[in-house]
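*Asks:* Sending over a structure as structure tokens; questions will come in a sec.
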Amino acid sequence: MKILVVGGGGREHAIASALSRNSETRIYSVMAKKNPGIARLAKKICVAKETDVARILAFAGETGVTHAFIGPEAPLEAGVVDRLSAAGVACVGPTKAAARIETDKAFCRDLMTHHHISGNPAYRVFHDMADAIAFVKDYDGDLAIKPIGLTGGKGVRIMGEQVDLAGAVDYIREINGAVVLEERLIGEEFTLQAFVDGAHLIPMPLVQDHKRAFDGDSGPNTGGMGSYTMPDHMLPFVSRKAHSAALSIMASVVAAMAKDGYPYKGILYGQFMNTADGPKVIEFNARFGDPEAMNVLTLLSSDLSDAVTGITEGTLSASKVTFEHAATVCKYLVPEGYPAAPRTGRPLEVGETGDAILYYANVEERDGRLFTLTSRTLAFVGKADTLAMAERIAEQAASAVRGSIHHRRDIGTQALLDRRIAHMKELQ
Ligand code: AMP
Ligand code: GLY
């Protein structure tokens, strides 16, 4: 298989790395910044904007790739899958129309409503600023305020957490009133990702991501500071019943999309809030999560190239996709000041990494040295029989890096897990 990986972050390094375990698979890459990890695995790279569909198409033609794996959402929204498919390249990733499950928050909520799929919070879609503001002022309780389009994961404001009523009104003005307002959900978040071939879903291990920048879930929201999985592929605050409810919501969404004429092929990412009333959908993403991809792809023990064929040909089979029964902990190192004012161009020195797996993200390599850029820099994944051991492996490698960077020390620790479990018990 000759496959083009689009994207240059930690997620795409994990995708390329899993693909490279099959020695027959040839990897090509288009990325906005040269990711040193991906560059080492690829036969040829093209440094270009990931939304530059014409460049991507030309590079695919030049290299003769048969397949493409789209990492981030922006190229999906730009229609890269529609164009590559028309040129005969089989893609892991939905068409522009199907990617609206992520790129258009109103589309996602309305699709679930029309097809009577459970899991929606109470919500309303607004296109008029005055109407949206009037609704917030009248509403008795807290709301989540979501711009309708893509925001890079940083666009949601939660009343009672990040903004008060006045702040909510200001924010709706700032985004011109095109907004989904929904009931604020209370519970514990989890991520369920699945391989999808248009009709069948194969679930991956559950992951918990950590959005806040600092320990104890404090500080601003980020793209995700790190994540963990458990040896049984579950999470201690998600029951079997809640897990199957979440999977059934995702299967219903895939069936609804096929029925409506835009079948979904690729990775479907469900972000859920496990509430006292069961799992509710926070959002869907039309791609792997970053960092969640690094957890599950480190565990994938079957061939990712096989899954690519299954997705693109509509022949996915659960018996051919396997994950190791181990725990993983992923910790991202980010520049000091990230996300608001990241210190860029600062040197980094990787220390003793032990058994940790290093995934490169937004980092520059110059004359054999690493420098920070604006976003998440490097990630370390620890994999072991127990969560405690996996955490220690990731933590030791992360804390051995020197430079103007920081990471969360609490991700994957028992203390943090105990808090999640206690919170869930209290709600029930
Ligand atoms: P998103 O950009 O949609 O991933 O949202 C960012 C974060 O906002 C999520 O990880 C949740 O913590 C939070 N969030 C989004 N929607 C809701 C909601 N309806 N209720 C409570 N929290 C939410
Ligand atoms: N980790 C959240 C995301 O990839 O959107």
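The values are calculated or read from the model by the stated rules, or taken from the named source; none is laboratory data. None of these values were measured; they are calculated from a predicted model. Methodologically, a virtual Cβ is constructed for each residue, glycine included, from the backbone with ideal geometry; neighbour enumeration extends over all protein chains shown. Just the protein is used for accessible areas: all its heavy atoms, side chains included, with ligands, DNA and RNA removed. Shrake-Rupley method; radii C 1.70, N 1.55, O 1.52, S 1.80 Å.
*Asks:* If I model a spin label as a point 7 Å beyond the Cα along the Cα-Cβ vector, how far apart are those points for K34 and N176 in nm?
*Replies:* Those two pseudo-labels are separated by 3.8 nm.
*Asks:* Put one equal scatterer on each alpha carbon of the stretch 35-185, apply the Debye formula with no solvent term, and list log10 I(q)/I(0) at q = 0.11, 0.12, 0.20 1/Å to two decimals.
*Replies:* -0.57, -0.65, -1.13
*Asks:* Quantify how much of the Cα-Cα distance distribution of the stretch 269-363 extends past 15 Å, in percent.
*Replies:* Beyond 15 Å sits 76 percent of the P(r) for the stretch 269-363.
*Asks:* Report the antiparallel proportion of the DSSP beta bridges in the chain as a percent, rounded to a multiple of 5.
*Replies:* 80 percent
*Asks:* Moving on to the next point. Dimensions of the chain along principal axes (Cα, Å, largest first)?
*Replies:* Cα extents, longest axis first: 58, 47, 41 Å.
*Asks:* Right, something else. With the full set of protein chains in place, find how many percent of the accessible area of the chain is carbon and sulfur; take the probe as 1.4 Å.
*Replies:* Carbon with sulfur: 49 percent of the solvent-accessible area.
*Asks:* With no solvent and one equal point scatterer per Cα, compute the Debye intensity ratio I(q)/I(0) for the stretch 321-407 at 0.10, 0.11, 0.17, 0.23 Å⁻¹ and report its log10, rounded to two decimals.
*Replies:* Computed log10 I(q)/I(0) values: -0.26, -0.31, -0.67, -1.01.
*Asks:* For the chain, which span is the longest to avoid every loop-located (per DSSP) member of GluC sites (Glu not before Pro) having at most 16 other Cβ atoms inside 10 Å? Write out the running numbers ahead of the final one.
*Replies:* Details: sites that count: E24, E161, E324, E336, E352.
That would be 162-323.
*Asks:* Let me ask you something else. Name the residue, out of G289, G187, G403, whose mean-square fluctuation peaks in a Gaussian network model built on the chain with Cα pairs under 10 Å.
*Replies:* Its mean-square fluctuation being the largest, the pick is G403.
*Asks:* Under a crude label model (7 Å from the Cα following the beta-carbon direction), how far is A134 from T344 in nanometres?
*Replies:* 4.4 nm
*Asks:* Another question, if that's okay. Rg to Rh for the stretch 23-116: what is it, with Cα atoms only and Rh by Kirkwood?
*Replies:* So for the stretch 23-116, dividing Rg by the Kirkwood Rh gives 1.05.
*Asks:* Mind checking which helices in the chain clear 27 Å along their axis (Cα) and have mean Kyte-Doolittle hydropathy of -0.5 or more, DSSP H runs only?
*Replies:* Both cut-offs are met by 240-259.
*Asks:* If you don't mind, another one. For the pair S218/K43, report the inter-label distance in nm, with labels modelled 7 Å from Cα in the Cβ direction.
*Replies:* Between S218 and K43, the simple spin-label model gives 5.2 nm.
*Asks:* Something else: Output the Kirkwood hydrodynamic radius of the stretch 176-335, Cα pairs only, in Å rounded to one decimal.
*Replies:* 16.6 Å
*Asks:* If you line up the Cα atoms of the stretch 294-333 on their principal axes, what length do they span on each, largest first, in Å?
*Replies:* Ordered largest first, the stretch 294-333 gives principal extents of 37, 22, 11 Å.
*Asks:* On to the next question. I'd like to know which of I101, T315, Y171 lies farthest towards the positive end of the charge dipole of the chain, counting +1 on Cβ of Lys and Arg and -1 on Cβ of Asp and Glu.
*Replies:* With unit charges placed on the Cβ atoms, the residue in question is T315.
*Asks:* Ok, one more. Could you work out how far the C-alpha centroid of the stretch 3-69 sits from that of the stretch 242-271, in angstrom?
*Replies:* Between the Cα centres of the stretch 3-69 and the stretch 242-271 lies a distance of 27 Å.
*Asks:* So what is log10(I(q)/I(0)) for the stretch 380-428 at q = 0.26, 0.28, 0.29, 0.33 1/Å, when the Debye sum runs over its Cα atoms only?
*Replies:* So the normalised log intensities are -0.93, -1.00, -1.03, -1.17.
*Asks:* Counting each DSSP H run of 4 or more residues in the chain as -39500 (n - 2.57), what helix-only mean residue ellipticity at 222 nm follows after dividing by all residues, to the nearest 500 deg cm²/dmol?
*Replies:* Computed ellipticity for the chain at 222 nm equals -9500 deg cm²/dmol.
*Asks:* Please work out how much length the chain gains when fully extended from Q162 to R184, using 0.36 nm per residue of separation minus the C-alpha to C-alpha distance, in nm with one decimal.
*Replies:* Extending this stretch completely gives an extra 6.7 nm.
*Asks:* Can I ask one more? Provide the gained length on full extension for the span L247 to E313, in nm with one decimal, where the gain is 0.36 nm per separating residue minus the Cα-Cα distance.
*Replies:* 21.5 nm
*Asks:* How big is the dipole moment of the stretch 118-205 about its Cα centre under a simple scheme where the beta carbon of each Lys and Arg is +1, that of each Asp and Glu is -1, and everything else is neutral? Debye, nearest 20, please.
*Replies:* 220 debye
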